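Structure first, then comments.
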Amino acid sequence: MKSKITTWNVNSLKVRLPQALDWLRQQQPDILALQETKLPDPDFPTLDIANAGYQSCFAGQKTYNGVAILSRLPASDLVTDLPGLDDPQRRVLGATIGGVRVLNLYIPNGQAVGSDKYAYKLAWLERLIAWVARECAAHPRLVMLGDFNIAPEDRDVHDPVAWAGQVLCSEPERAAFRRLQDLGLKDAFRLFPQQDRSFTQWDYRAAAFRRNLGLRIDHILVSPTLAAACTACWIDPAPRRLERPSDHAPVIAELNLDLN
DNA sequence: ATGGTGGCGCGGCCA
């Protein structure tokens, strides 16, 4: 039985709810991890999502950040914080669904190298790596996905020269991504041949999407056990073409796996 | 053009 595990930074679930519901109907994923929901938990559209056939779990806040997981099967063992980091920003949602440990992340953007937000991002990544190491040890079937705000390699950047050393591409950020890979996690997208200039995010400005001036910063990382079951991984650019789109496109991993 | 667009929410922050 094939399963679809997916991620999408929707940049406001309130605005993008109709698009998200359409996308669920079209793609029929088993799991959809959302980032930048920008909703307080009492405002989460649980009922609309239930009517589409999905359960919801979420960790949200007003105006900024916010993560959620929509799934066919119920979620248990929820985690909403990095252990040891007292952080009001809602960027983490861990859950166990159908025997798979799912870590949904909205990693800090970092704004600019050298800024306070960049320092926060690097400290956050340190805490993340320590936590994920323990999660990987405890859960052979693990997927870590979301908006990483890291373009892992130059081929993930439309203009690597212009972006060299900039936030999202800097060496400390890329080193953190490699440390996640050193835990055994595989970048599902790179398990398969892909077109050159494949991206998941395009700035709203300067007609960046039309010109394909994007970055690949949304990722699905899978444990060795799940990598062996992964049969495909692709980016769906269709939602980025809609009117009033998110600046991000969804990413889909298909696995030869029974969730139960 | 040291800008541009979009979300939140109504001034300024964040991406």
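Going highest first, how would you order A:37-46, A:147-156 by mean Cβ packing within 10 Å? List each step's numbers first, then the result.
Details: A:37-46: 17.5, A:147-156: 21.6.
Answer by packing, highest mean first, reads A:147-156, A:37-46.
At a 10 Å Cβ-Cβ cut-off, how would you order A:248, A:219, fewest neighbours first? Walk me through the intermediate numbers first.
Working: A:248 25, A:219 28.
Sorted ascending by nearby Cβ count, the order is A:248, A:219.
Quick one: what does P(r) look like for region A:70-189 with 5 Å bins over all Cα pairs, in whole %?
2, 10, 21, 22, 19, 13, 8, 3, 1, 0
What number, in nm² with one decimal, is the all-direction average of the projected area of the convex hull of the alpha-carbon atoms of region A:188-231?
Values: hull surface 14.1 nm².
Average of the hull's projected areas for region A:188-231 equals 3.5 nm².
Bin by bin, in steps of 5 Å, what percent of the Cα pairs in chain A do you find, going until the bin that has the longest distance?
Spelled out per bin, shortest first, that is 1, 6, 14, 19, 22, 18, 13, 6, 1, 0.
Which of A:225, A:260, A:242 sits closest to the plus end of the dipole of region A:194-260, meaning its Cα is farthest towards the positive end, when Lys and Arg get +1 and Asp and Glu get -1 on the C-beta?
Among A:225, A:260, A:242, the one farthest towards the positive end of the dipole of region A:194-260 is A:242.
What is the count of Lys pairs in chain A whose alpha carbons sit under 21 Å apart, if the two are 8 or more places apart or on different chains?
Within chain A, the lysine pair count is 9.
Around residue A:96, with a cut-off of 10 angstrom between Cβ atoms, what is the net charge of the other residues, counting Lys and Arg +1 and Asp and Glu -1? Numbers along the way, then the final one.
On the way: positive: A:101, A:141; negative: A:77.
Residues close to residue A:96 contribute a combined charge of +1.
Across 5 Å bins from the origin, how do the percents of Cα pairs in region A:32-112 run, short distances first?
Going out from 0 Å in 5 Å bins, region A:32-112 shows 3, 16, 25, 25, 18, 8, 3, 1, 0 percent.
Which of A:187, A:116 comes first, and how do the rest follow, when ranked by fewest Cβ neighbours within 10 Å? Mind dumping the intermediate values first?
Values: A:187 19, A:116 10.
Placing the least packed residue first, the sequence is A:116, A:187.
For chain A, with only Lys/Arg (+1) and Asp/Glu (-1) charged at the beta-carbon, what is the dipole magnitude about the Cα centre, in debye rounded to 20? Walk me through the numbers on the way to the answer.
Numbers: 30 positive and 30 negative charges, 76 e Å.
Once rounded to the nearest 20, the dipole reads 360 debye.
Kindly write out, for region A:246-254 in residue order, the coupling ³J(HN,Hα) from the Karplus curve 6.51 cos²θ - 1.76 cosθ + 1.60 (θ = phi - 60°), rounded to whole Hz, with x marking Gly and Pro.
Computed from phi, the couplings for region A:246-254 are 5, 6, 10, 9, x, 10, 10, 10, 10 Hz.
Run the helix sum for chain A: -39,500 (n - 2.57) per DSSP H stretch of 4+ residues, divided by residue count, reported at 222 nm to the nearest 500 deg cm²/dmol. All intermediate terms of the calculation are to be shown ahead of the outcome.
Values: 7 runs with 70 residues, N = 260.
Taking each H run of at least 4 residues, the total per residue is -8000 deg cm²/dmol.
Readers should treat all values here as calculations from the given coordinates under stated rules, not as data from a laboratory. These numbers come from a predicted model, not from an experiment. All Cβ positions, glycine included, derive from the backbone under ideal geometry; neighbour counts span all protein chains shown.
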